[in-house]
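J.: So that we are looking at the same thing, I have put the structure below in structure tokens.
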Amino acid sequence: MPKVITVASQKGGVGKTTTVINLAHGLTLRNKTVAAVDFDPQGQVAIALGINPEPGIFNVLVSELSLAQVVRASSRKGLWLIPGDKRTLTAQVVLQAEGHDVLKTVEDTFVKSWNGQPDFVIFDTAPSVGGFQEAALSVADLVIIPAATDHLALFGLTGLLETLDNLQQRHGWLGRVAVLPTFYDKVTRASRDNLKKIAAQIAALDFPMFTPIHRATKLREAAAEGQTIFEYDPTGRAAQEYADLVWKVLEEV
Ligand SMILES: Nc1ncnc2c1ncn2[C@@H]1O[C@H](COP(=O)(O)OP(=O)(O)OP(=O)(O)O)[C@@H](O)[C@H]1O
Ligand SMILES: [Mg+2]
């Protein structure tokens with residue numbers, strides 16, 4: 001079975017999708033095979049990788065296409081995508097209305113049904129709690145929580161931590177949690193102060209913290225071009241930082 005990484009935060013715009021895309025591509029550059037699954041109805045993963053978003057999650061869960069019919073090869077060797085779009089929300093409503101166990105359906109469909117490949121499944125999630133977010137957390141070996149250091153990033157994490165707590169208590173969830181500071185700007189005092197506060201909060205929760213990803217215009221530009229940072233600016237600092245994250249993740253799972 002693949003190792004599962006879920007990138008989650010209730011907060012919007014903290015770098016979840018950017019992390020999913022660059023971690024996924026970065027792992028393939030270390031000769032791993034990776035399937036990115038986009039549970040966010042905004043469907044940004046397909047856009048950021050320059051891939052057609054249809055068919056996707058909805059079709060697998062509701063209109064009965066098989067995973068093999070929906071999984072998309074990207075132009076990157078070993079990197080596949082199961083896209084999402086706004087019908088992902090419909091899929092969630094339909095599953096719940098029909099009385100399906102959403103957690104089990106997600107595990108059976110997106111984790112257990114692979115045949116030997118890929119090495120990793122990486123879930124992108126919407127900035128909310130419950131439904132598919134909870135399901136993606138429930139199957140995770142590692143949860144990465146991006147925390148933007150340009151504001152008090154851990155403020156508003158309560159729902160996510162409660163969900164994880166609940167998964168531990170009720171479902172015996174054994175995954176690990178790590179925080180990834182993002183939008184770091186070491187020349188800005190507020191950013192440095194926020195990083196210190198985040199580090200203290202994380203230490204109190206006993207979670208490891210990855211090395212911060214600096215704010216980098218190149219990351220925004222890469223996404224707009226449908227490229228990963230390893231394609232758009234392979235020798236820049238952001239690529240180096242995401243390459244470091246890849247190593248840390250390989251150590252962690
Ligand atoms: N370290 C960074 N430096 C500069 N820009 C970044 C950085 N990380 C991400 N961005 C840009 O910030 C925007 C938000 O990032 P991203 O889409 O990854 O966040 P998100 O958490 O997935 O948002 P949402 O909650 O809406 O899904 C995007 O335009 C992205 O290209
Ligand atoms: Mg996103």
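The values are calculated or read from the model by the stated rules, or taken from the named source; none is laboratory data. Just so it is clear, the structure is predicted and the values come from calculations on it, not from any experiment. Every residue, glycine among them, receives a Cβ derived from its backbone with ideal geometry; neighbour counts consider all protein chains shown. Heads up: the accessible areas ignore ligands, DNA and RNA and are worked out on the full protein's heavy atoms, side chains in. Shrake-Rupley method; radii C 1.70, N 1.55, O 1.52, S 1.80 Å.
J.: Of the conditions (1) open to solvent by 60 Å² or more (accessible area, probe 1.4 Å); (2) within 15 Å of ligand 2 (Cβ to nearest atom); (3) closer than 21 Å to GLY159 by Cα; (4) of a type outside the set (Asp, Glu), VAL93 fails just one. Which one is it?
T.: Evaluating VAL93 over (1) open to solvent by 60 Å² or more (accessible area, probe 1.4 Å); (2) within 15 Å of ligand 2 (Cβ to nearest atom); (3) closer than 21 Å to GLY159 by Cα; (4) of a type outside the set (Asp, Glu) leaves (2) as the failure.
J.: Separate question: Would you pick out the residues in region 224-253 that are open to solvent by 40 Å² or more (accessible area, probe 1.4 Å) and within 16 Å of ligand 2 (Cβ to nearest atom)?
T.: ALA224 - this is the single residue of region 224-253 that is open to solvent by 40 Å² or more (accessible area, probe 1.4 Å) and within 16 Å of ligand 2 (Cβ to nearest atom).
J.: Could you tell me whether region 144-151 includes any residue that is surrounded by 15 or more Cβ atoms within 10 Å (Cβ to Cβ), modelled with pLDDT under 95, farther than 23 Å from ASP40 by Cβ and not charged (D, E, K, R)?
T.: So far as region 144-151 goes, no, none of its residues is surrounded by 15 or more Cβ atoms within 10 Å (Cβ to Cβ), modelled with pLDDT under 95, farther than 23 Å from ASP40 by Cβ and not charged (D, E, K, R).
J.: If a residue must be among the β-branched types (Val, Ile, Thr) and assigned to a loop (DSSP other than H, G, I, E, B), how many such residues does region 32-56 contain?
T.: 2
J.: Of the conditions (1) surrounded by fewer than 23 Cβ atoms within 10 Å (Cβ to Cβ); (2) over 23 Å from GLU162 (Cα atoms), GLY13 clears all except one; give me its number.
T.: (2)
J.: Of all residues in region 20-70, which are more than 16 Å from ligand 2 (Cβ to nearest atom) and among the aromatic types (Phe, Trp, Tyr)?
T.: PHE58
J.: Turning to a different aspect of this structure: Check region 128-142 and report whether any residue there is on the phi > 0 side of the Ramachandran plot, within 16 Å of ligand 1 (Cβ to nearest atom), buried (at least 16 other Cβ atoms within 10 Å of the Cβ) and not basic (Lys, Arg). Give the steps one after another, and end with the answer.
T.: Going through region 128-142, the residues on the phi > 0 side of the Ramachandran plot turn out to be 130-131.
Next cut, within 16 Å of ligand 1 (Cβ to nearest atom) only: 130-131.
Subsequent filtering for residues that are buried (at least 16 other Cβ atoms within 10 Å of the Cβ) retains 131.
Checking the rest, the ones that are also not basic (Lys, Arg) come to 131.
Yes: one or more hits.
J.: How many residues, within region 1-11, are within 10 Å of ligand 2 (Cβ to nearest atom) and over 13 Å from the mean Cα position of the chain (by Cα)?
T.: Residues flagged as within 10 Å of ligand 2 (Cβ to nearest atom) and over 13 Å from the mean Cα position of the chain (by Cα) within region 1-11 amount to 0.
J.: So for region 155-176 (the condition being open to solvent by 10 Å² or more (accessible area, probe 1.4 Å), assigned to a loop (DSSP other than H, G, I, E, B), charged (D, E, K, R) and in contact (Cβ under 8 Å) with a residue 12 or more places away in the chain), does at least one residue qualify?
T.: No; the residues of region 155-176 include none that is open to solvent by 10 Å² or more (accessible area, probe 1.4 Å), assigned to a loop (DSSP other than H, G, I, E, B), charged (D, E, K, R) and in contact (Cβ under 8 Å) with a residue 12 or more places away in the chain.
J.: Next question. Report every pair of residues separated by at least 6 positions or lying on different chains whose Cβ atoms are under 7 Å apart, first residue within region 63-79 and among the small types (Gly, Ala, Ser), second assigned to a loop (DSSP other than H, G, I, E, B).
T.: From region 63-79, the pairs are SER74/ILE51; GLY78/LYS32; GLY78/THR33.
J.: Now for a separate question. Would you check if THR18 is closer than 22 Å to TRP114 by Cβ, polar (S, T, N, Q) and either more than 9 Å from ligand 1 (Cβ to nearest atom) or open to solvent by 10 Å² or more (accessible area, probe 1.4 Å) (or both)?
T.: On the way: closer than 22 Å to TRP114 by Cβ: no; polar (S, T, N, Q): yes; either more than 9 Å from ligand 1 (Cβ to nearest atom) or open to solvent by 10 Å² or more (accessible area, probe 1.4 Å) (or both): yes.
So THR18 does not fit the description; no.
J.: Which residue is surrounded by the fewest Cβ atoms within 10 Å (Cβ to Cβ), if the candidates are limited to region 192-223 and must be polar (S, T, N, Q) and outside any loop (DSSP other than H, G, I, E, B)?
T.: Residues of region 192-223 that are polar (S, T, N, Q), as a first pass: 194, 201, 211, 217.
With outside any loop (DSSP other than H, G, I, E, B) added as a condition, the list becomes 194, 201, 217.
Numbers: ASN194: 23, GLN201: 18, THR217: 9.
If we take residues in region 192-223 being polar (S, T, N, Q) and outside any loop (DSSP other than H, G, I, E, B), then THR217 is surrounded by the fewest Cβ atoms within 10 Å (Cβ to Cβ).
J.: Any chance you could count how many residues in region 94-146 are basic (Lys, Arg) and without any contact (Cβ under 8 Å) to a residue 12 or more places away in the chain? Even if it seems obvious, please write down each step before you answer.
T.: The first filter runs over region 94-146 and keeps only residues basic (Lys, Arg), leaving 104, 112.
Now restrict to residues that are without any contact (Cβ under 8 Å) to a residue 12 or more places away in the chain: 104.
Total satisfying the criteria: 1.
J.: Going through region 107-119 one residue at a time, which ones are open to solvent by 10 Å² or more (accessible area, probe 1.4 Å) and outside any helix (DSSP H, G or I)?
T.: SER113, TRP114, ASN115, GLY116, GLN117, ASP119
J.: Oh, and also: I want to confirm something. Restricting to region 39-59 and keeping residues that are β-branched (Val, Ile, Thr) and more than 21 Å from LYS3 (Cα to Cα), which single residue is most open to solvent (accessible area, probe 1.4 Å)?
T.: At the first step, the residues of region 39-59 found to be β-branched (Val, Ile, Thr) are 45, 47, 51, 57.
From the residues that got through so far, the ones that are more than 21 Å from LYS3 (Cα to Cα) too are 47, 51.
On the way: ILE47: 96, ILE51: 23 Å².
Once the filter is applied, the top-ranked residue is ILE47.
J.: Might you check whether a residue that is under 12 Å from the mean Cα position of the chain (by Cα), touching a residue at least 40 places away in the same chain (Cβ under 8 Å) and open to solvent by 10 Å² or more (accessible area, probe 1.4 Å) occurs anywhere in region 24-38?
T.: no
J.: Looking only at region 204-218, which residues are within 8 Å of ligand 1 (Cβ to nearest atom) and touching a Ser or Thr at 6+ places or on another chain (Cβ under 7 Å)?
T.: ILE213
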